[in-house]
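The values are calculated or read from the model by the stated rules, or taken from the named source; none is laboratory data. A quick note: this is a predicted structure, and the numbers were derived from the prediction, not measured. A quick note on method: Cβ atoms are made from the backbone with ideal geometry, for glycine too, and the neighbour counts reach across all protein chains shown. These accessible areas exclude ligands, DNA and RNA; they are computed on the full protein's heavy atoms, side chains included. Shrake-Rupley method; radii C 1.70, N 1.55, O 1.52, S 1.80 Å.
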Amino acid sequence: DVNWEVRKGEVFGLVGESGCGKSVSALSILRLIPEPPGEIEAGGIIFEGQDLATKSEREMQKIRGSKISMVFQEPMTSLNPVFTIGTQICDGIIFHQKLSKKQAREKAVEILTTVGIPSPASRLDSYPHEFSGGMRQRVMLAIALSNEPSFLIADEPTTALDVTIQAQILELIQDMIMKFNTSLLFITHNMGVVAHMCDRIGVMYASHMVETADKHTLFESHLHPYTEGLLNSIPAKGKRKQSLHSIEGVVCNMLAPPSGCKFHPRCERSTSICMHEEPRLKKMGEGHFVACHLYD
Ligand code: SF4
């Protein structure tokens with residue numbers, strides 16, 4: 001029951017605590033959830049007019065890494081340690097663009113230059129362990145963009161990096177999506193990063209979208225108690241002694257979710273209806289949707 005759209009050329013941020021279903025939703029777009037145990041029971045995943053939910057594995061292989069690419073959180077575990085960087089970039093180029101090995105290597109040098117890897121021709125023969133964390137994430141980005149996808153999914157791409165490198169990678173992602181005119185789904189639990197990167201934002205809780213709005217509306221006029229909790233937990237600039245707000249409790253177990261609003265066991269504003277009836281997304285303004293009984 002997750003419903004959202006990413007428009008051409010925009011950056012859509014998906015936020016929520018760990019375990020809210022952000023990554024599962026993103027992996028589902030590329031049909032990367034193993035089936036079984038995963039199963040798409042109903043609904044669709046519409047991309048450029050086609051429903052990805054009905055595609056065969058063979059058809060999905062042509063889309064993955066070509067029209068839609070993904071950058072994962074941990075570059076060390078995403079890259080294969082026993083193949084050179086060059087092999088890992090060229091494989092996708094050869095498969096999707098049907099180029100020769102020599103032509104693919106030339107393309108790989110080009111894309112490594114674009115993502116800021118020094119001496120790219122010689123680095124093609126290096127293995128992932130010979131790169132730093134930030135450089136590995138640049139390589140991941142190079143692989144993801146090597147076939148100029150129209151849609152990129154970045155799943156917490158900077159979480160495993162230190163803060164200064166995070167800023168460089170975020171800037172690089174912004175430059176790259178501008179250069180290739182790529183739409184971006186940006187997944188994070190960091191509201192500061194969302195404010196910096198995104199045009200529109202969706203807040204997810206327990207596999208449900210609870211609020212979507214453009215960036216300014218979400219930060220200035222958010223309505224859902226969960227969004228409020230997330231925003232209150234950002235440290236305020238300049239205050240040296242402050243106790244951070246936290247949302248009591250933990251994300252519910254989706255194998256045995258609570259009835260009604262999934263957030264009700266943790267919500268300070270819940271009423272009796274919240275325990276029995278699941279709120280539906282309602283339009284609260286232009287492009288602003290909220291699922292909460294407070295606005296019935
Ligand atoms: Fe809180 Fe009720 Fe709104 Fe859920 S529906 S967020 S429990 S007020």
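Once you keep just the Cα pairs under 8 angstrom separated by 6 or more residues, what percentage relative contact order results for region 1-156?
Averaging sequence separation for qualifying contacts and normalising by length gives 29 percent for region 1-156.
Let me spell out the model: positive unit charges on the Cβ of Lys and Arg, negative unit charges on the Cβ of Asp and Glu, origin at the Cα centre of region 170-275. What dipole size does that give, in debye rounded to 20?
320
Can you pull out the trypsin sites (Lys or Arg not before Pro) in region 183-277 whose DSSP state is coil and whose Cβ has at most 13 other Cβ atoms within 10 Å?
K237, K239, R240, K241, R269
To the nearest 10 degrees, how steeply does helix 85-97 sit against the main Cα axis of the chain, on a 0 to 90 scale?
For 85-97 against the chain, the angle is about 80 degrees.
For the chain, with a Gaussian network of springs between Cα atoms less than 10 Å apart, report the residue from L32, L185, L255 with the top mean-square fluctuation.
Largest GNM mean-square fluctuation: L255.
Under the rule a/c < 1.5 gives rounded, and otherwise a/b versus b/c splits prolate from oblate, where does region 123-174 land using the Cα gyration tensor?
oblate
Let's test this: bin the Cα-Cα distances of region 1-144 at 5 Å from zero up to the farthest pair and state each bin's percent.
Here the calculated profile for region 1-144 is 2, 8, 16, 18, 18, 15, 13, 7, 2, 0.
Using a Förster radius of 22 Å, what is the FRET efficiency between S132 and M178 based on their Cβ-Cβ separation? Nearest 0.05, please.
It comes out at approximately 0.30.
Which of the trypsin sites (Lys or Arg not before Pro) found in region 1-88 are in a DSSP loop and have at most 13 neighbouring Cβ atoms, other than their own, within 10 Å?
Filter output for region 1-88: R7, K8.
With a ≥ b ≥ c the root eigenvalues of the C-alpha gyration tensor of region 43-108, is it rounded (a/c under 1.5), prolate (a/b larger than b/c) or oblate?
oblate
Out of all DSSP beta bridges in the chain, what portion is antiparallel? Express it as a percent rounded to 5.
Just about 40 percent of them are antiparallel.
Determine the relative contact order of region 136-184: mean sequence separation of Cα pairs under 8 Å and six or more apart, normalised by residue count, in whole percent.
RCO, region 136-184: 51 percent.
Give me the tail of P(r) for region 159-296 as a percent: Cα-Cα pairs with distance above 27 Å.
In whole percent, the long-distance tail amounts to 30.
Below 8 Å, C-alpha to C-alpha, sequence gap of six or more: please give me the relative contact order for the chain in percent.
It rounds to 23 percent for the chain.
So if I take the centroid of the Cα atoms in region 264-296 and the same for region 229-260, what is the distance between those two points in Å?
Comparing the Cα centres of region 264-296 and region 229-260, I get a distance of 18 Å.
Tell me the Kirkwood radius of the chain: reciprocal of the mean inverse pair distance over distinct alpha-carbon atoms, in Å.
For the chain, inverting the mean 1/r across all distinct Cα pairs yields 20.6 Å.
Kindly rank 206-214, 154-162 from highest to lowest mean number of other beta carbons found within 10 Å of each residue.
So the peptides 206-214, 154-162, ranked by packing, come out 206-214, 154-162.
Using a 1.4 angstrom probe on heavy atoms only, work out the carbon and sulfur share of the accessible area of the chain in %.
Percent of accessible area from carbon and sulfur atoms in the chain: 53.
Between rounded, prolate and oblate, where does region 86-158 land on the alpha carbon gyration tensor, with a ≥ b ≥ c its root eigenvalues, rounded for a/c under 1.5, else prolate if a/b exceeds b/c?
Oblate, because a/c is 1.5 or more while a/b does not exceed b/c.
All other residues with a Cβ under 12 Å from the Cβ of H189 taken together, and with Lys, Arg as +1 and Asp, Glu as -1, what is their net charge?
It works out to a net charge of -2.
Take the cross-link list K22/K283; K241/K262; K8/K283; K62/K283 and give me the ones stretching past 28 Å between alpha-carbons.
K241/K262; K62/K283, as the Cα separations exceed 28 Å there.
Could you report the chain's accessible area per residue, 1.4 Å probe, as an integer in Å²?
52
For helix 101-114, what angle does its Cα long axis make with the longest principal axis of the chain, in degrees from 0 to 90 and rounded to 10?
Orientation of helix 101-114: about 50 degrees from the principal axis.
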